[in-house]
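Report on the structure given below.
The values are calculated or read from the model by the stated rules, or taken from the named source; none is laboratory data. Nothing here was measured: the structure is a model prediction, and the numbers come from that model. Note that we place each Cβ from the backbone using ideal geometry, even for glycine, and neighbour counts take in every protein chain shown.
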Amino acid sequence: MALDPQAKALMDQMAALGGPKIEELSAPEARKVMGRGFVVPDDKLEKPARIENRKIPGPAGEIPVRIYTPEGHGPFPVLIFIHGGGWVIGDLDSHDAPCRFLTNHARCVTVSIDYRLAPEHKFPAGVEDCWAAVRWIGANAALVDGDSERIAIGGDSAGGNLSAVVTQLARNFGGPKLLFQLLVYPATETGLDTYSHRTFRDYFLTADAIRWFWGQYLSREEDKKDPRVAPALTDDLAGLPPALVITAEFDPLRDEGEAYGERLRAAGVPVEITRYDGMIHGFYSMYHVLDKGREALQQSAAALRRAFGT
């Protein structure tokens, strides 16, 4: 095992910058730090035909969304994208770059969801917002120039967690029909006791940061037993849509993501599981400095095109 040279250089740069650790910050302070760290230069950004911010109905008021539309004539297939950030940080801007990329390369409308964040809005607020957004898009795909028969869902880290949860809800409650799930280093368990959690506890996403995120998100210890928190707790995974599960070798979440993918496969769900060797958590959103991040985005776009039949 060896860190990819680009990942090592990035981690060395961050170490040289110093500064407080995320678990030493308040949630608002942590959001400012992340906002600075995930900026992709304009010359590295994809340019979809149209980008629109709007609001859709939610369980506690309106939910902001950002709609990316590719060149061409619709209706287009739809990707519902749920950003990561430990349910505490991240927003429409932090994951703007991968949404632009997937829109252009998968030839789909991407709808990015700005769900409510913890600790101001603890579980299940984020789940409720994402579930409401998925149902709205399922019923109103035409309003975003989308095809209601070709809807996929995806996200990274906490967004992968929420994507897996909402995919289960869509199956359990009879729709909307989701034809694919893109799970990028998803959080699927709460035990924090896998081999990768024990071994890679100090690589970008640290063990202390993970505990901080869970502490911000959950109100009660009993919440850890809820499948809407830990989708791996669901007994029956049959009937869920095909999945691409992407993990990073030096990521504490690696093993739980891969284990969830294997359980999907055992339940008869078509699954592709890809581990990117040498990579750290977050590499997907840092494709402007990590070549394997771009590879993972290209793989995602190709998988989406196949699922959409385009």
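Might you check whether a residue that is under 21 Å from A7 (Cβ atoms) and either more than 17 Å from the chain's Cα centre (by Cα) or at pLDDT 95 or above (or both) occurs anywhere in region 261-274? Looking through region 261-274, at least one residue is under 21 Å from A7 (Cβ atoms) and either more than 17 Å from the chain's Cα centre (by Cα) or at pLDDT 95 or above (or both).
Identification of strands (runs of 3 or more DSSP E) wholly contained in region 17-132 with 2 or more residues that are free of Cβ contacts under 8 Å to residues at least 24 places away in the same chain yields 50-58, 61-69. Apart from one condition, I246 fits all of (1) surrounded by 23 or more Cβ atoms within 10 Å (Cβ to Cβ); (2) more than 23 Å from A2 (Cα to Cα); the exception is (2).
Specify which of the listed residues (R294, R263, R305) is in contact with a Cys (Cβ under 9 Å, 6 or more places away or on another chain) and part of a helix (DSSP H, G or I).
Going through R294, R263, R305 in turn, just one is in contact with a Cys (Cβ under 9 Å, 6 or more places away or on another chain) and part of a helix (DSSP H, G or I): R305.
A single entry from K177, K224 fulfils the requirement of being basic (K, R), part of a loop (DSSP other than H, G, I, E, B) and surrounded by fewer than 23 Cβ atoms within 10 Å (Cβ to Cβ): K177. Among residues of region 278-295 that are under 17 Å from P41 (Cβ atoms), those with a beta-carbon under 6 Å from a residue that is hydroxyl-bearing (S, T, Y) and not in a helix (DSSP H, G or I) at least six positions away or on a different chain give the pairs G293/Y287; R294/Y287. Being out of contact with any His (no Cβ under 6 Å at 6 or more places or on another chain) and surrounded by fewer than 20 Cβ atoms within 10 Å (Cβ to Cβ) is a property that P75 has. I need the full set of residues from region 232-251 which are hydroxyl-bearing (S, T, Y) and more than 16 Å from the chain's Cα centre (by Cα), in order please. The answer is T234, and nothing else. Pairing each residue of region 219-246 that is free of Cβ contacts under 8 Å to residues at least 60 places away in the same chain and of a type in the set (S, T, N, Q) with any residue that is in a strand (DSSP E or B) and surrounded by 15 or more Cβ atoms within 10 Å (Cβ to Cβ), provided the two are 6+ apart or on different chains, yields no C-beta distance under 8 Å.
Looking only at region 191-221, count how many residues are crowded, with 19+ Cβ neighbours inside 10 Å, at pLDDT 95 or above and part of a loop (DSSP other than H, G, I, E, B). Here the count works out to 2.
When region 78-125 is limited to residues that are in contact with a Ser or Thr (Cβ under 9 Å, 6 or more places away or on another chain), of a type in the set (F, W, Y) and over 16 Å from N53 (Cα atoms), the one that is surrounded by the most Cβ atoms within 10 Å (Cβ to Cβ) turns out to be F101. As a summary of the residue check, G155 satisfies the conditions (1) in contact with a strand residue (DSSP E or B) (Cβ under 6 Å, 6 or more places away or on another chain); (2) buried (at least 22 other Cβ atoms within 10 Å of the Cβ); (3) part of a loop (DSSP other than H, G, I, E, B) except for the one numbered (3).
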